[in-house]
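What follows is one structure encoded as structure tokens, with my remarks underneath.
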Amino acid sequence: MSPIHATTVIGILHNGQVALGADGQATMGAVVAKSNVKKVRKISDGTILVGFAGSTSDAFTLEERFQDKLNMYRSNLRRAAIELARDWRGDRYLRRLEAMLIVMDRQEGLIISGTGDVLSPDEDVLAIGSGAQYARAAAIALKRHAPQLTAEQIVRESLSIAADICIYTNHNFEILTLPSGS
């Protein structure tokens with residue numbers, strides 16, 4: 001799903017719970033530059049989770065733009081994501097940014113890319129980065145066959161499986177959740 005490599009970020013909506021997690025590894029070529037990078041954050045007074053894969057500075061630029069769109073569209077996640085993707089694809093400066101975002105609230109999760117895509121993946125499992133497909137496959141299997149697990153537990157186990165397989169993913173996880181409720 002993602003041309004961006006060198007990380008794993010996964011988000012889950014499961015049984016009314018929301019969790020988003022990422023590994024902490026940052027690489028420069030074939031060298032680990034840092035092992036505890038924070039790739040997930042809470043924004044909008046803690047009601048929205050954002051995770052990124054790709055260039056850190058590019059991701060921060062996109063996160064700031066996304067927050068601006070959220071403010072402009074009164075915290076409407078889908079509308080803010082669509083408007084960011086539209087700007088990202090159409091703006092000469094933004095088109096050069098190399099990152100992808102996962103954005104989530106209590107109702108939905110979306111993947112935003114620089115090609116203008118705003119995706120709402122099947123089974124409420126969102127994943128980006130080099131380990132994305134490993135983590136996504138693990139999460140789907142866990143949701144189907146261990147539905148008693150929490151969203152946070154599924155994210156943790158999915159990241160662990162991806163880290164065992166993907167050389168650009170480590171076991172230093174940060175996982176954020178949103179409180180249950182409407």
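The values are calculated or read from the model by the stated rules, or taken from the named source; none is laboratory data. In this text the structure is predicted, and so the values were computed from the model without any measurement. Using ideal geometry, Cβ is built from the backbone for each residue, glycine included, and neighbour counts are taken over all protein chains shown.
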task: Given the conditions (1) touching a residue at least 12 places away in the same chain (Cβ under 8 Å); (2) assigned to a helix (DSSP H, G or I); (3) not hydroxyl-bearing (Ser, Thr, Tyr), report the number of the one that residue 141 does not fulfil.
output: (1)
query: Do the conditions hold for residue 57, that is, is it touching a residue at least 12 places away in the same chain (Cβ under 8 Å), of a type in the set (S, T, N, Q), farther than 30 Å from residue 148 by Cβ and surrounded by fewer than 21 Cβ atoms within 10 Å (Cβ to Cβ)?
result: no
statement: For segment 1-35, the count of residues that are surrounded by 24 or more Cβ atoms within 10 Å (Cβ to Cβ) and modelled with pLDDT under 95 equals 2
- prompt: Of the residues that sit in segment 75-92 and are among the charged types (D, E, K, R) and out of contact with any helix residue (DSSP H, G or I) (no Cβ under 9 Å at 6 or more places or on another chain), which one is modelled with the highest pLDDT?
  reply: 78
- line: Residue pairs within 9 Å by beta carbon, gap of at least six or interchain, first lying in segment 62-91 and surrounded by fewer than 19 Cβ atoms within 10 Å (Cβ to Cβ), second part of a loop (DSSP other than H, G, I, E, B) and among the aromatic types (Phe, Trp, Tyr), listed first then second, are 79/73
message: Cβ-Cβ distance below 9 Å, separation of 6 or more or different chains: which pairs start in segment 155-175 with a residue that is surrounded by fewer than 21 Cβ atoms within 10 Å (Cβ to Cβ) and end on one that is among the aromatic types (Phe, Trp, Tyr)?
response: 156/173; 160/173; 161/134; 164/134; 165/134
field: Which listed residue is touching an Asp or Glu at 6+ places or on another chain (Cβ under 8 Å) and outside any helix (DSSP H, G or I), from 110, 101, 94, 126
entry: 101
message: Suppose we keep only residues that are assigned to a helix (DSSP H, G or I) and surrounded by fewer than 22 Cβ atoms within 10 Å (Cβ to Cβ) within segment 144-154. Which one would you say is farthest from the chain's Cα centre (by Cα)?
response: 145
- request: Could you please find all residues in segment 106-149 being at positive phi, modelled with pLDDT under 95 and in contact with a strand residue (DSSP E or B) (Cβ under 7 Å, 6 or more places away or on another chain)?
  value: 129
field: Members of segment 72-84 that are more than 14 Å from residue 50 (Cβ to Cβ) and in a helix (DSSP H, G or I)
entry: 72, 78, 79, 82, 83
field: Candidates 149, 142 - the one that is farther than 25 Å from residue 25 by Cα and aliphatic (A, V, I, L, M)
entry: 149
